[in-house]
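One structure below.
The values are calculated or read from the model by the stated rules, or taken from the named source; none is laboratory data. Since this is a predicted model, take the numbers as computed values, not measurements. Cβ: placed from backbone, ideal geometry, glycine included. Neighbour counts: every protein chain shown.
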Amino acid sequence: MMEVLSVHDSDFTADCAEYNKELDLVAFGTYELDKESGKRIGSILVGALEDEGRDIKWVYKDQLPGVFDLKWSGCENYLASANADGKCYINKDIGFKSPKMIVASSDDLDDAFCLSLDWNNRVSRTMSNAQVAVSRSDGCISIFDIASDATVNKEWEAHCYFGGAPAETWIVAFDCFSTNILASGADDGKLKMWDLRIDASSGPTRVNNAHDAGVCSIQFSHLNENVFATGSYDHQIRVWDKRKMKSPLYPGEDVGGGVWRLKWHPENPSLLLAACMRSGFMILDCANANESTPVEIITEFRETEERGSWESLGYGVDWVYKNSHSQALVVGASFYNRKLWVLEPKES
């Protein structure tokens, strides 16, 4: 189980939760379709946890087009968002009086949404050659160079359905040890690997069809250079060795809901945190998993008893891990009830 330390109301339906250890700040993103105007509106809310997570002191709030994803850079205080107007907004100096904003945008958006993003400096922790990858609803991926005012470095059509219609590319992720390598997942159910040193017109370097529905989450481990995890609308969490991708390392674990976000533990390479939509938030342990044994669900949180029954939907989740906190906490965002959670994992 996870104990609720505090719960906070968001202004719109909530879908992102991200923690910055260096700044000790949590960031939440929201997205909502305004039925009257037809506009997709949203916001970013940034706060500091107080009283061991029992309260949040808000330091920054801003309204933007609907926010589908948020990511802090690996160093300095840059916070990037993937937005419903097809743009990526990159805020610098969040938490200070006058934050600066860079807008990264493709020339030809064609009414596409930015659905996810990732920084290439999670491990290198330098802004030298920093890039942001963005995936979009038109099946395209863009790479932006941050040092040159977020100009487009590369852009290509990454995913489409049979017949050529674009497939929503739900997720994109850098290999944080080999940042020329990029993984993407889309509504077509395909997991693709790309080498940025090769012209994208040559196609992906690998295509995997193991998922039975859209691939909506990918995260590479920052502690094990060969391991990454994927989540899908097929309710399965899969852990992979990037050197041999014919099949996952372990049998997929059915969590009872679409797996929208995955986060490896900051210090324990075996622990994986997941936002599982109708099944809420879960922590899984890979330590005893093998070819015949799936990862173990060790604790979970939702407001309903049965897996797959939480209609509020757990979308955003992250670890909070800093010396000022006695142990790792969890922050989460649930969608339809507009709630922002601070949770303390407990042994079952």
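Values for this structure:
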{"read-out": "Conditions (1) touching a Pro at 6+ places or on another chain (Cβ under 9 Å); (2) touching a residue at least 60 places away in the same chain (Cβ under 8 Å): number failed by T293", "value": "(2)"}
{"read-out": "Number of the condition not met by Y250 [criteria: (1) within 20 Å of the chain's Cα centre (by Cα); (2) buried (at least 19 other Cβ atoms within 10 Å of the Cβ)]", "value": "(1)"}
{"read-out": "Subset of the stretch 15-61 [assigned to a loop (DSSP other than H, G, I, E, B) and touching a residue at least 60 places away in the same chain (Cβ under 8 Å)]", "value": "K21, L23, D24, E52, G53, R54"}
{"read-out": "Residue count for the stretch 79-121, restricted to those that are closer than 17 Å to N20 by Cβ, at pLDDT below 95 and among the charged types (D, E, K, R)", "value": "3"}
{"read-out": "Filter result for the condition that a residue is modelled with pLDDT of 95 or more, over 29 Å from E267 (Cβ atoms) and not β-branched (V, I, T), over W194, W170, W240", "value": "W194"}
{"read-out": "Strands (runs of 3 or more DSSP E) completely within the stretch 99-208 that count 2 or more residues being closer than 27 Å to Y60 by Cβ and touching a Ser or Thr at 6+ places or on another chain (Cβ under 7 Å)", "value": "114-119, 131-136, 140-145, 171-174"}
{"read-out": "Filter result for S232 (modelled with pLDDT under 95 and of a type outside the set (A, V, I, L, M))", "value": "no"}
{"read-out": "Residue satisfying all of: in the stretch 4-14; assigned to a strand (DSSP E or B) and over 19 Å from the mean Cα position of the chain (by Cα); farthest from I94 (Cα to Cα) among these", "value": "V4"}
